[in-house]
2 protein chains.
Amino acid sequence: MSTRLDIQGMGCATATGGELLSVPRAGVLATRFKALADPNRLRILSIVSGSSAAETCVCDLSAPLGLGQPTVSHHLKILVEAGLLNREKRGVWAYYSLVPGALEALAATILPADATP
Amino acid sequence: MSTRLDIQGMGCATATGGELLSVPRAGVLATRFKALADPNRLRILSIVSGSSAAETCVCDLSAPLGLGQPTVSHHLKILVEAGLLNREKRGVWAYYSLVPGALEALAATILPADATP
DNA sequence: GACAGACATCGACGGGTGTCGATGCATCGA
DNA sequence: TCGATGCATCGACACCCGTCGATGTCTGTC
C-alpha cells in the first residue's frame with residue numbers, strides 16, 4: 001500500500017475505501033486543530049515556547065499581540081482546554097507553559113503511517 | 001534551552017520573550033490548520049489516503065460521510081486551496097489525491113526545534 | 001479592613017463557516 | 001444531436017468564532 005494516514009489509535013477499518021477515521025475521533029482531532037487555526041493562538045504558542053523560562057503571564061502577551069486582556073485570556077483558555085498549554089497560578093499572576101509532548105502527539109496524528117521510521 | 005517552537009522559516013527574533021512567529025506567517029499557518037479543523041475534512045483526508053489507488057472521486061466520499069454532494073465539493077475545494085489535496089479531472093470524474101509531503105511539512109511546523117533528530 | 005492590581009467571566013456585536021437545495025457546465029453514450 | 005451523468009457554483013440559512021467593554025473574583029499590600 002502507498003502512504004496511508006494511520007490516524008493514531010483509530011484501529012483499522014476496511015482497508016479499501018472504507019472510512020479509516022471514526023466520527024468521534026475526528027471530532028476530537030478537529031477540536032485540537034481548531035485551537036491552532038488562529039494566527040494569534042499560534043503566536044501565543046510561539047511566544048510561550050520561546051520565553052526564557054518557558055512560561056509566560058498574560059500581561060506579557062497582551063502587548064506583543066496587540067490584543068486586549070480579555071481576548072488574550074479567551075485564547076489561553078482555548079489552548080488550555082485543547083491540552084496544549086498548562087496554567088499555573090502563583091499569587092496574582094497566572095503562568096502558562098507548553099504541555100510536554102502535546103504538539104508532538106498532534107503532529108504525529110497527521111503523519112502517514114510509513115513516514116515514521 | 002528548553003523545548004522551543006522554531007516555527008519553520010520564521011527566522012529568529014529576540015530570544016527572550018520576543019515574538020518568534022511573524023504575523024504574515026502566522027496567518028498562512030492558521031489557514032492550513034483551519035483546513036484540518038473540521039471532522040469531515042479529516043475524514044476526507046483519511047479516506048483519500050486510505051483508498052487502494054490513493055485517489056478518490058467525489059461520489060465515493062458523499063455516501064460514507066453522510067453529506068450532500070455540494071458540501072463534499074466545498075470541503076474538497078478548501079483542502080485543495082490549502083495545498084493538502086491534488087485535483088485531477090479525468091473525463092466526467094474528478095479524482096483527489098494527497099499532495100506528497102504536505103501533511104509532513106505542516107506537522108514539522110508545530111514540532112519543537114530540538115525534537116527533530 | 002480597605003484598597004489596588006492581575007486575571008477570569010459575561011454580554012454583545014460583526015464576520016466567518018458548514019450545510020443544503022437549486023442551478024450551471026462540462027463530458028460521455030445512444 | 002440529445003439526454004444523462006458527475007461535478008462545481010450560487011444563494012440562503014443557522015450557527016459558531018474572535019473581539020471588545022464592563023464587571024466579577026481573588027490575592028497581596030498598606
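Only the coordinates and a few stated rules stand behind these numbers; no lab work does. This one's a predicted model, so the numbers in the text were calculated from it and none came from an experiment. Cβ atoms come from the backbone with ideal geometry, glycine included; neighbour counts cover every protein chain shown.
A label point on A:I78, set 7 Å along the Cα-to-Cβ line, lies at 1.4 nm from each of its counterparts in the other copies, closest listed first. Ranked from shortest, the separations from the 7 Å Cα-to-Cβ label point of B:G27 to its equivalents in the other copies are 3.4 nm.
A simple spin-label model places the labels of A:R87 and B:W93 5.0 nm from each other, with each point 7 Å out along Cα-to-Cβ. Counted by neighbouring Cβ atoms within 10 Å, the residues B:R25, A:R87 run from fewest to most as A:R87, B:R25.
Amide H contacts for A:C57 (H built 1.01 Å from N in the peptide plane; partners 5 or more residues away or on another chain; cut-off under 5 Å): A:Y96. When the Cα positions of B:S73, B:L85, B:S97 are compared along the charge dipole of the stretch B:68-115, B:S73 comes out farthest toward the positive end, with charges on each C-beta of Lys, Arg, Asp and Glu.
Counting Cβ atoms of other protein chains within 10 Å of each residue's Cβ and taking the mean over peptide A:97-110 gives 4. Label-to-label distance for A:K77 and A:V58 is 1.0 nm, based on points extended 7 Å past Cα in the beta-carbon direction.
Taking all Cα pairs closer than 8 Å and separated by 6 or more residues, the relative contact order of the stretch B:53-105 comes to 38 percent.
Packing around the peptides A:34-43, A:67-76, taken as the average count of other Cβ atoms within 10 Å per residue, puts them in this order, highest first: A:34-43, A:67-76. Quick one: grab the alpha carbon gyration tensor of the stretch A:41-83, order the square roots of its eigenvalues as a ≥ b ≥ c, and give me rounded if a/c is under 1.5, else prolate or oblate depending on whether a/b is larger than b/c. The shape class here is oblate.
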